[in-house]
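To start, the structure under review is shown below, and the notes come after it.
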Amino acid sequence: LGEDAPRYPDRPVPDWYRDAKFGVFVHWGLYSVAGWAPPRRPGEDVPVELEYSHHQYAEWYANTLRIPGSPTAAYHESSFGVGTSYEDLADAWTAERYDPDGWMRLFAACGARYVVPTAKHHDGFCLWDTATTGFSSVHRGPRRDVVAELAGAARSAGLRFGLYYSGALDWHVSHFPPIRSLTDLFTHRRNDPAFARHCFEQVRELVEAHRPDVLWNDIDWPDSAKAAGPYSLAELFEHYYDLVPEGVVNDRWGVPHLGFRTREYRTETGTPAWAWEATRGLGASFGYNRAEDDTHLIDATELVHLLVDTVAKNGNLLLNISPRGDGSLPEAQVARLRELGRWLAAHPDAVYGTRPWHRHAEPVGAPLRYTVRPDGTLNVIALDPAHGDFRLPADLLGRPGAHWGEGAAEIGPDGTVVIPEALRHLPAAVLTLPPS
Ligand SMILES: C[C@@H]1N[C@H](CNC(=O)c2cc3ccccc3[nH]2)[C@@H](O)[C@H](O)[C@@H]1O
């Protein structure tokens, strides 16, 4: 490391985060007013040359709109007229159905233990009472301090409160051509000291006002803040941890300091020793996309499997919900969240507070996942109980006291486990084995 390379703290990921397992991501912002991107079904892909002109992330609307001939450019003109800019939409944003307390009560009821709303996304529109710009939800549109209301509502609902911040991209204060490729993504961004100070001061406002339990930065941080000195990232982290001793950050700051690692619409192949977080939308977008319908969304059973698989691999699931511009929550998304919450409410000890076993699944055979409770009890989670009986692996044969939630389990001498009829309709069934 060069002589001016700052020293970063080496901090463990706090237990509250590792025990929490399930958080709700909320991408809500100016882009939610337009709320449109070309819809994409699970498994559908586009050729790499259309990756940005047909970006499936509706929160990228401001960039996609600027790509000549993109479906978003056509949608924008037909919806808002040739003379309306993206930033003009700020004054059309009324958020008349925005109910922060209702949101947080719902997320808590669905089993989330933390929530991470967007404070500023790539469009540069700030959702808090900032002194750094007039491009904010306090000065324009809703005329509300969205972040403050969400922080209060989250903590009243017993949730830990984190904040998403777009550290690399701020299209309100940058003047590049639209991002049309991965190369553009790395070059059409500001790294100058003035921008670095701007980002430093914005995050300092958020940290000092709300003490977020999670600082979830996206993509990267301005390069000029990565050396020692005023407004450096090292100073920002030091300030953050002074104010929030149990605070945790993710891995998208572009410096050798991270808390939990992140995977986006991806999972880990095995069980890493480090804490990590899987994040995705319920459909193909984080921001609200009115072009998505039920067929574009992950179904509730897949959602339970995603959570269980992620936790078995030492990860958390940060599942995104996309509020409409008016602040209402898409009913199809809420239905899936509630279904996940019902399973979690019936099987809390299979997830919360657990740690991985020495393997997360079996290489072949029945789709099982494993988690270990603090007292050493092993949760054997059958992901497809409708499929019926399964064989316990050899290293679990003979362990006494096998139980389903309500009663002793019937296990044959060859390890065949009979799944009770009453459990076969569930997205997953949990067999517990007391500590051996
Ligand atoms: C949550 C999501 N993040 C996107 C940027 N993605 C990344 O910076 C990123 C993806 C990813 C996957 C694996 C490991 C690191 C990663 N960073 C944003 O461009 C989206 O609008 C949205 O906010």
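Net charge within 13 Å of Phe161 by Cβ-Cβ distance, Lys/Arg positive one each and Asp/Glu negative one each, not counting Phe161 itself? Each step should come with its number before you reach the end.
Details: positive: Arg113, Arg155, Arg160, Arg211; negative: Glu149, Asp213, Glu246.
It works out to a net charge of +1.
For the stretch 108-125 and the stretch 74-106, write down the distance between their C-alpha centroids in whole Å.
If we compute the Cα centre of each part, the gap is 17 Å.
Select from Pro222, Pro385, Pro42 the residue whose mean-square fluctuation is largest in a Gaussian network model of the chain (Cα-Cα springs shorter than 10 Å).
Comparing Pro222, Pro385, Pro42 in a Gaussian network model of the chain, the most mobile one is Pro42.
How many percent of all Cα-Cα pairs in the stretch 309-381 sit more than 17 Å apart?
Of the Cα pairs, 55 percent sit more than 17 Å apart.
Relative to the compact globular guide of 2.2 N^0.38 Å, what is the alpha carbon radius of gyration of the stretch 106-231, as a ratio?
1.12
How much accessible area per residue does the chain have, in Å², with a 1.4 Å probe?
On the way: 17490 Å² over 436 residues.
That works out to 40 Å² per residue.
Where both partners of a DSSP beta bridge lie in the chain, what percent of those bridges are antiparallel, to the nearest 5?
Within the chain, antiparallel bridges account for around 40 percent of the total.
Tell me, which longest segment in the chain has none of the trypsin sites (Lys or Arg not before Pro) that fall in DSSP loops with at most 12 further Cβ atoms within 10 Å?
267-436
For the stretch 335-412 and the stretch 181-230, write down the distance between their C-alpha centroids in whole Å.
42
Using a Gaussian network model on the chain with a 10 Å cutoff between Cα atoms, which of Ala90, Ala312, Ala332 fluctuates the most?
Looking only at Ala90, Ala312, Ala332, the biggest GNM fluctuation is shown by Ala332.
Normalised by the number of residues in the stretch 332-436, what is the relative contact order in percent for Cα pairs under 8 Å and 6+ residues apart?
Averaging sequence separation for qualifying contacts and normalising by length gives 27 percent for the stretch 332-436.
When the solvent-accessible surface of protein heavy atoms is calculated with a 1.4 angstrom probe, in what order do Ser174, Ser156 fall, highest first?
So, going from the largest accessible area down, we get Ser156, Ser174.
So for the stretch 17-73, averaging the separation of alpha carbon pairs under 8 Å that are six or more residues apart and normalising by length, what relative contact order in percent results? Mind showing how you got there, number by number?
Details: 51 pairs, mean separation 19.9, N = 57.
RCO, the stretch 17-73: 35 percent.
Taking all pairs of different Cα atoms in the stretch 1-102, averaging 1/r and flipping that mean, what Kirkwood radius in angstroms comes out?
The answer is 17.4 Å.
Using a 1.4 Å probe on the protein chains only, how many percent of the accessible area of the chain belongs to carbon and sulfur?
Details: 9070 of 17490 Å².
On the chain, the fraction of accessible area on carbon and sulfur atoms equals 52 percent.
According to the Kirkwood expression over distinct Cα-Cα pairs, how big is the hydrodynamic radius of the chain, in Å?
It is 23.0 Å.
List the relative contact order of the chain as a percent without decimals, with contacts defined as Cα pairs under 8 Å and 6+ residues apart.
Taking the mean separation of contacting Cα pairs over the length of the chain, I get 18 percent.
The values are calculated or read from the model by the stated rules, or taken from the named source; none is laboratory data. In this text the structure is predicted, and so the values were computed from the model without any measurement. Here the Cβ is made from the backbone with ideal geometry for all residues, glycine too, and neighbour counts use every protein chain on show. Keep in mind that these areas ignore ligands, DNA and RNA; they rest on the heavy atoms of the full protein, side chains included. Shrake-Rupley method; radii C 1.70, N 1.55, O 1.52, S 1.80 Å.
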